[in-house]
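The values are calculated or read from the model by the stated rules, or taken from the named source; none is laboratory data. Computed from a predicted structure; not experimentally measured. Cβ: placed from backbone, ideal geometry, glycine included. Neighbour counts: every protein chain shown. To get the accessible areas, we keep the full protein, side chains included, count just its heavy atoms, and leave off ligands, DNA and RNA. Shrake-Rupley method; radii C 1.70, N 1.55, O 1.52, S 1.80 Å.
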Amino acid sequence: MRPTVRRRLTVAALFMLTCGISTPLAAYGVFLPVLAEAFGWSRGAISTALSINLVLGGLSGLGVGALADRHGPRVLLVPTVALAGAAFALVSTVGALWQLYLFVGVLGGVGMSSFYLLSATTVARWFDERRGLALAIVLVGFNLGYIAGGPLAAWLIAEVGWRAAYAFLAGGCGLTTMLAALTVRLPRPAEAGALGVSSRLAGGPAPAPERGVTLRDALADPRQWCLNVAWLLLGGLAFMVTVHIVPFARDQGVDLAGASLVLTAYGIGSVAGRVAAGAMSDRTGTVTTMRAAYAIQALALLALLWLPSREALFGSLAAFGAGFAAADTMIAKVIPDVFGVRAIGAIMGVLTLGWRLGAALGPAAAGFLYDVSGSYAVPFGAAPLVVLVSWALFSAATSPRARG
């Protein structure tokens with residue numbers, strides 16, 4: 001097989017993997033009010049299962065990234081994505097809150113530890129030039145899960161009930177992602193040469209030491225911590241919004257089917273924002289693209305607060321999705337630019353742990369604040385400020401003075 005064809009197939013497989021694994025995750029916001037009504041559990045308690053998932057997935061990712069640096073992505077991707085599909089399918093059997101924590105939190109967390117981390121690092125090793133667009137195409141699968149996951153879950157719940165809905169949705173996605181993962185590998189040195197990719201990006205032994213720093217060097221670098229906290233804040237914000245926007249909309253009188261379409265608006269915006277940012281960054285640079293992404297997020301969240309109509313809700317979520325997806329792609333893209341690829345899996349594992357910690361804290365904090373106050377005013381009101389702080393930290397990490 002020609003190297004160019006193999007590279008495209010790898011991008012396609014990673015796209016399928018990110019789309020499939022994110023679909024049951026995206027649907028969790030639709031199932032949240034259904035589970036609350038079925039069992040009488042609070043929204044904060046149900047959100048905690050997702051928080052456990054994200055924290056354990058981040059911790060597992062530390063080992064996953066380091067092992068992938070040595071053995072390649074396939075050996076980690078196949079078992080983890082299969083576990084994730086099985087874990088979410090088992091939600092169909094829950095009868096107690098601890099079971100939800102076990103299936104979604106523990107098993108699902110370990111299962112979902114690899115897909116984003118290894119998708120991004122694999123793209124970095126297949127592409128030197130035009131990496132922004134390739135990364136965007138792969139990660140846009142994550143957003144397509146939000147386009148399809150919400151309405152599909154709502155339709156399945158109405159047709160077959162929530163238990164069968166989760167079993168069908170998660171089981172099918174788990175099988176699809178496992179088959180896609182079986183085809184993923186790093187480029188061989190001969191393929192790297194034919195593609196014009198630097199030998200330092202190829203799999204297997206390199207003729208010279210790879211460019212970049214070690215994990216120990218990165219942990220001592222202030223830029224890593226700035227990027228880590230910037231990504232943590234973005235992860236917390238995005239998951240807070242996407243997990244709670246369905247109950248937020250329902251509290252405003254929108255029915256479940258209509259509220260689930262808010263996730264579709266977010267997904268559509270994310271697809272457009274991610275692809276546009278990938279292409280734009282290859283031409284104008286990562287930092288310029290990131291400025292636009294942060295500005296869009298801040299304006300969208302302000303509109304969500306100031307324009308509380310149904311139309312504004314859909315428009316704001318589409319714009320926020322575009323801005324977040326663009327920013328998320330740019331952080332993933334800038335990591336090999338800042339730290340090189342010598343230990344990219346291990347370094348990406350540390351950074352995605354920060355993202356996951358934020359994503360774990362955001363939904364749980366918003367859920368418990370709602371339980372205490374009966375309103376989403378505090379978490380959604382603070383969201384624009386979170387964007388500005390993340391922006392400042394990213395700027396500090398990527399400034400010329402920080403490199404010196």
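With everything on Cα atoms, drop me the angle between helix 131-160 and the longest principal axis of the chain, reported from 0 to 90° to the nearest 10. It is inclined by approximately 20 degrees.
Solvent-accessible surface of the chain, taken per residue with a 1.4 Å probe and all protein chains present: 37 Å². Only protein atoms count toward the accessible area here, which uses a 1.4 Å probe; on the stretch 54-174, the carbon and sulfur part of that area reaches 70 percent. Here the translational diffusion coefficient of the stretch 319-371 follows from Stokes-Einstein with Rh set to the Kirkwood radius across Cα pairs; for 20 °C and 1.002 mPa s it amounts to 167 µm²/s.
A crude spin-label estimate for the pair HIS71 and LEU305, with each label 7 Å from Cα along the Cβ direction, gives 4.8 nm. If you line up the long axis of helix 3-39 against the longest principal axis of the chain, both from Cα atoms, how many degrees apart are they, to the nearest 10? So the helix axis and the longest Cα principal axis differ by about 20 degrees. Computed over the stretch 128-197, the P(r) curve from all C-alpha pair distances, binned at 5 Å from the origin, holds 3, 13, 14, 18, 15, 11, 8, 7, 5, 4, 1 percent per bin.
For the chain, relative contact order (Cα pairs under 8 Å, six or more residues apart, normalised by length) works out to 27 percent.
Rg then Dmax, both in Å and based on the Cα atoms of the stretch 230-314: 14.3, 44.
Rounded to whole Å, the principal axis extents of the Cα atoms in the stretch 222-377 read 52, 33, 24, largest first.
Only alpha carbons enter this Debye calculation for the stretch 43-145, each as an equal point scatterer, and the log10 of I(q)/I(0) it gives at q = 0.19, 0.24 Å⁻¹ is -0.94, -1.22. Hydrodynamic analysis of the chain uses the Kirkwood radius over alpha carbon pairs. Inserted into Stokes-Einstein at 25 °C and 0.890 mPa s, it gives a translational diffusion coefficient of 118 µm²/s.
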